[in-house]
Amino acid sequence: MSASKRSTIIVEHLRRQQMLDLISVGKRLQGRALDEMRPLEIEVDIIKKANGSAKVKLGDSEVVAGIKVETGEPFEGLENKGALIIQAEVLPIASPHVEPGPPDEDTIELARVVDRGIRESEMLNLDKLVLVPGKIVYTVFVDCSIINTDGNLLDATSYAVVSALLSCKLPVFEIHDGKVVDTGKTQDPPLTTIPVSITQVRIGDTIILDPTAEEEACMNARITITTNSESCYAAIQKGFTGGFTIEQIKKAAETARIKGEQVRAKLQELTNKNG
Amino acid sequence: MSQTRSLIDKQGKRTDGRTVEQLREVKMAVGVVKNADGSVFIEFGKNKIIVAVYGPREVHPKHMAQSDRCVLRCRYHMSPFSTDTRKNPAPSRREVEISKVMREALEPALMLEDYPRAAIDVYVEVLQADGGSRCAGISAASVALADAGINMRDLVAACAAGKVDDKIVLDINDTEDKEGGADMPVAYMPHLDEVTLLQLDGILTRDQFNQCFDTAVEGCKMVYEIQKQALMQKYFGNETEVKEEVQ
Amino acid sequence: MQELKRKYVIPGDKIVDGNFRPLMNVIRIGDSIISTRIGIAEAGRDGIKVIPLSGVYIPRINDIVIGKIVDRSSLSWDVDINSCFSAHLPAQDVFGRDFSPARDDMNREMATGDLITARIIAFDRTRDPMLTVQDRDLGKIPRGESLKISATRVPRLIGKRGSMIQTIEQATQTRVIIGQNGVVVVTGRSQGGIELAVKAIKMVEEEAHTSNLTQRIKVLLNVPDTTPAQPQLSQSTSSSVPAAMSATSKDISEVSPTKSELQSAPNDIQQPLRKEQQSQDKEEQEQQPSSRHHLGQEKASVSSSDGSPSSSSPTSADAISLPSSHSKSRSQDERGRKSDDQRSVAGVTGGDTRKAKTYVKGVHEGLQEHDKKEANS
């Protein structure tokens, strides 16, 4: 089965038991608290050939996102908006469990959930990325390459995309005689908000934040909640085979707001630095 | 191939300020991908490439396994944001060919017969491309293989030379590749004195060929010193001589 | 050979010119001995070798490994032994010869995700390693914290005659089981002790090649740094080692007495059976990194011994060869030897290195004891 390759990591029973024992008393492996994120490191503008780029390390999960801006036709039904395309690839360098080839369903879900968080929060104001309404618009490609996997790729990838967008410079295209011309100038992207994705998983009856690969291999259910700068919810994805109680969902939603603020503060620093 | 401007100025300086026999700046870091058995991040001029080695490990699918030797698999891939215009992430014909020549450049150095029925996977990911990425990839891959502890007869160092403004120059960059006259990537095992990759596109006279080839081999030797230094730094730090433990 | 100092090498580096015998991780090209690995080159008594500092675990017969059950077929379990070859544990090994897939529930004994300590009883170029758990101290590991280190660091973690691991165990009040494949399981009463032991083990792995590691470990563990009053076995027994190499033979000193016991055997490393004897010597395996032999060399052995699978055919003349890998023809006598073998190994891994040190003798005594028992019964 090609699907769910990453979740086929077999965790030793001893390790699993140790994890469950710790979680039942409110602790985790590596001494982390249940609602504690791993260290988040962000480096921006590492790929000079891209219009924007970022490398994000969340614990040992590592993602590079790069932005390429072109022009093209708008999407059908969205004639007066620029096009935003977010894609992800878990590179075969990233783990012994990944094989080269087209993205599997986990990776496609990953890219779509990240995309939804950015798109629905309207981080990038696509209305401002139109050259000829209905005909020619900016096409913003955000490609994410996952370089090392250790759980919670959803958040790591989302932070990489947001960081790349926050630090990117869009080329200025103009229309001369019906043709698109790259003026060589750059502009700041039309940004409206900073979406932050927070992923939590349920192991037994306990909900933990920012799971490692090992914890994901033991999880019963997963929920990813994206909030915007106003701490409003913008996108949610419940994943994996198990479910949540209503109470658990409500608590998770609160956690996503609180933790989201903390991560947002860190992302905000990038814009401050950037100008 | 037609040259639109001069790529070497009157002082003999190239577009990026180098002399004709100077390498671009090369940096190598060993052990950068935590999950991998061996890995290297190389910056070769503006090239930024991550190489990870997994193996020797079990072969999947099983039928690919060979009973008397290890299977070497190589994948050269460019990230969509690595080039001036966005590259489609699906593997192109160019990438497939480079994967093949890289594999064939590395294989002579590896003692694959030591690991029958197993596989070694070499994944080369180009995050930023700048002319000569295959050479940088091979050089980094060879170090990553050594980092993975695979038995090797020698390291493989690679470097290109080419013709720009009718002059033979070492290590041509992106601009020189696109606008210059000829490009000759070479991979070479310095101790075994064996060339494991040789390609050429462009016209060279007999003399130019000899000079170009010699220049490329000299470049390989310079790259080898950098490879060696990177490995030594990773494994032995600043210690150059074995110190005995005092008991 | 006397001139050769230990040195750091990378693949392709020339170690020395001249007529030396290539041992481990080196090849001869023309008149030179060339390293094939990153590591420390040194001259052994019989030739030149490189102690590698990286690389995956390559199975060897009689190695004790810690593996994880990853799958099960109707007749055997698949075990991940942290190598490029996945190992098999036959159900018959656990249930006995009259195992019946219909009657016996394999899952009740071992399930996917279980960790086991096992011994490799068969492995060569053509087939995957076969395991047994039928010995004392083998089988399912009921508790403990597991971690992986590079298999190349195992000898350093054990230390000279178990000194390193003994230091760690005593200071942290833990028990450490070490698989030759680099999987380590730490058990102990206090979580703090386990955490400290894990920290120390990781430090040994990280800094395996550096000088004064023992001292730094002692600082980490808060152990007063007194030099153990052990006789310098290496000095006394390495008299046959060239003088210039005596320093370098410290690390492999454990082997020297073993070798001297093997004096009766023809002292030619290239003889395949001789090589096998050596590689089957548990002590050497436990404590000497360079005894790891590679498939390439095994291949050489095979070809030079009329194609017989040398790695699994100790001859009867092979007096101290460990229990053979012919699991089917396993006799009572062999079982006896095995359990003795096992005790010794458990001794090493459990911290009682005295037993391991006198391992070879132990086998002889064990055999004699066993013979007596046999005679009595």
- Mind listing whichever residues of the stretch B:117-148 are in a strand (DSSP E or B) and under 30 Å from C:PRO129 (Cα atoms)? B:ALA118, B:ALA119, B:ILE120, B:ASP121, B:VAL122, B:TYR123
- Item | Long-range neighbours under 7 Å by Cβ, at least six apart or interchain, first residue without any contact (Cβ under 8 Å) to a residue 24 or more places away in the chain within the stretch B:21-37, second assigned to a loop (DSSP other than H, G, I, E, B) and not hydroxyl-bearing (Ser, Thr, Tyr) | B:GLU25/B:GLY45; B:LYS34/A:ASP60; B:ASN35/A:PRO96
- Within the stretch B:133-174, how many residues are of a type outside the set (A, V, I, L, M) and under 17 Å from B:ALA52 (Cα atoms)? 9
- Evaluate the following for C:ARG72: is it surrounded by 16 or more Cβ atoms within 10 Å (Cβ to Cβ) and assigned by TED's automatic domain parsing to the domain that holds C:VAL184? no
- Item | Members of the stretch B:31-55 found to be under 20 Å from C:GLY182 (Cβ atoms) and surrounded by fewer than 24 Cβ atoms within 10 Å (Cβ to Cβ), listed by number | B:GLY31, B:LYS34, B:ASN35
- Item | Residues located in the stretch A:10-26, provided they are open to solvent by 30 Å² or more (accessible area, probe 1.4 Å) and more than 10 Å from chain C (Cβ to nearest Cβ) | A:LEU20, A:ASP21, A:SER24, A:VAL25, A:GLY26
- Item | Among residues of the stretch C:183-212, those that are at the interface with another protein chain (Cβ under 10 Å from one of its Cβ atoms) and charged (D, E, K, R), counted | 2
- Task: For the stretch B:201-212, name all the residues that are assigned to a helix (DSSP H, G or I) and either of a type in the set (Asp, Glu) or touching a strand residue (DSSP E or B) at 6+ places or on another chain (Cβ under 7 Å) (or both).
- Result: B:ASP207, B:GLN208, B:GLN211, B:CYS212
- Message: If I go through the stretch B:42-90 residue by residue, how many of them are more than 20 Å from B:ALA157 (Cα to Cα), among the hydrophobic types (A, V, I, L, M, F, W, C), assigned to a strand (DSSP E or B) and within 12 Å of chain A (Cβ to nearest Cβ)?
- Response: 1
- Name the one entry in C:VAL50, C:VAL65 that is in a strand (DSSP E or B) and within 11 Å of chain B (Cβ to nearest Cβ). C:VAL50
- Pairs with Cβ under 6 Å, 6+ apart, first in the stretch C:136-154 and in contact (Cβ under 8 Å) with a residue 12 or more places away in the chain and more than 30 Å from C:HIS209 (Cα to Cα), second assigned to a loop (DSSP other than H, G, I, E, B) and of a type outside the set (A, V, I, L, M, F, W, C): C:LYS140/C:ASP114
- Query: If you take the residues in the stretch B:152-172 that are in a loop (DSSP other than H, G, I, E, B) and open to solvent by less than 10 Å² (accessible area, probe 1.4 Å), which one is nearest to B:VAL101 (Cα to Cα)?
  - Reply: B:VAL156
- Please name all residue pairs, on different chains or six or more residues apart, with Cβ atoms under 6 Å, provided the first residue is in the stretch C:105-124 and is farther than 19 Å from C:ILE177 by Cα and the second residue is open to solvent by less than 10 Å² (accessible area, probe 1.4 Å) and of a type in the set (A, V, I, L, M). C:MET106/C:ALA91; C:MET110/C:ILE69; C:THR112/C:ILE69
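This table checks each residue for (1) under 24 Å from C:ALA91 (Cβ atoms); (2) among the basic types (Lys, Arg); (3) within 14 Å of chain A (Cβ to nearest Cβ); (4) over 20 Å from the mean Cα position of the chain (by Cα).
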| residue | (1), (2), (3), (4) |
| --- | --- |
| C:MET106 | yes, no, no, yes |
| C:GLY113 | yes, no, yes, yes |
| C:ILE121 | yes, no, no, no |
| C:ASP137 | yes, no, no, no |
| C:ILE141 | yes, no, yes, no |
| C:ALA151 | no, no, no, no |
| C:THR167 | no, no, no, no |
| C:THR174 | no, no, no, yes |
- Message: Based on this model, can you work out whether A:ASN148 counts as over 26 Å from B:TYR54 (Cα atoms) and not charged (D, E, K, R)?
- Response: no
- Query: Condition test on A:LYS68, is it away from chain B (no Cβ under 12 Å), over 13 Å from the mean Cα position of the chain (by Cα) and in contact (Cβ under 8 Å) with a residue 40 or more places away in the chain?
  - Reply: no
- Within the stretch A:95-108, residues more than 10 Å from chain B (Cβ to nearest Cβ) and surrounded by 16 or more Cβ atoms within 10 Å (Cβ to Cβ) come out as A:ASP104, A:ASP106, A:THR107
- Elements of type helices (runs of 4 or more DSSP H) contained in the stretch C:105-207, each with 1 or more residues being in contact with a Pro (Cβ under 9 Å, 6 or more places away or on another chain): C:154-158, C:163-172
- Message: Just to be sure before I move on: is C:SER35 of a type outside the set (Asp, Glu), at the interface with chain B (Cβ under 10 Å from one of its Cβ atoms), closer than 25 Å to C:GLU206 by Cα and open to solvent by less than 10 Å² (accessible area, probe 1.4 Å) in the structure I sent?
- Response: yes
- Mind listing whichever residues of the stretch A:73-94 are of a type in the set (Gly, Ala, Ser), farther than 10 Å from A:LEU129 by Cβ and away from every other protein chain (no Cβ under 11 Å)? A:GLY77
- Query: Identify, please: which residue in the stretch A:52-61 is more than 8 Å from chain B (Cβ to nearest Cβ) and either touching a His at 6+ places or on another chain (Cβ under 6 Å) or surrounded by 24 or more Cβ atoms within 10 Å (Cβ to Cβ) (or both) and is, among those, farthest from A:LEU124 (Cα to Cα)?
  - Reply: A:SER61
- Message: Any residue that is surrounded by fewer than 24 Cβ atoms within 10 Å (Cβ to Cβ), of a type in the set (Ser, Thr, Tyr) and touching a residue at least 60 places away in the same chain (Cβ under 8 Å) - is there at least one of those in the stretch B:137-149?
- Response: no
- Check C:THR167 against each of (1) in the same structural domain as C:ARG108 (by TED's automatic domain parsing); (2) surrounded by fewer than 21 Cβ atoms within 10 Å (Cβ to Cβ); (3) more than 30 Å from B:SER67 (Cβ to Cβ) and name the one condition it does not meet. (1)
- Message: So B:PRO61 passes all but one of these: (1) over 14 Å from the mean Cα position of the chain (by Cα); (2) open to solvent by less than 50 Å² (accessible area, probe 1.4 Å). Which condition number does it fail?
- Response: (2)
- Does the stretch B:180-196 include one or more residues that are touching a Phe, Trp or Tyr at 6+ places or on another chain (Cβ under 8 Å), buried (at least 22 other Cβ atoms within 10 Å of the Cβ) and of a type in the set (A, V, I, L, M, F, W, C)? yes
- Item | So C:ILE66, is it farther than 21 Å from C:THR152 by Cα and out of contact with any helix residue (DSSP H, G or I) (no Cβ under 9 Å at 6 or more places or on another chain) | no
- Query: For the stretch C:75-88, how many residues meet the condition of being away from chain B (no Cβ under 12 Å) and either surrounded by fewer than 23 Cβ atoms within 10 Å (Cβ to Cβ) or at positive phi (or both)?
  - Reply: 3
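The values are calculated or read from the model by the stated rules, or taken from the named source; none is laboratory data. Fair warning: this is a prediction, and the values are worked out from it, not measured in the lab. Glycine gets a Cβ as well: all are built from the backbone with ideal geometry, and neighbour counts include every protein chain shown. Surface areas here come from the heavy atoms of the whole protein model, side chains and all, with no ligands, DNA or RNA. Shrake-Rupley method; radii C 1.70, N 1.55, O 1.52, S 1.80 Å.
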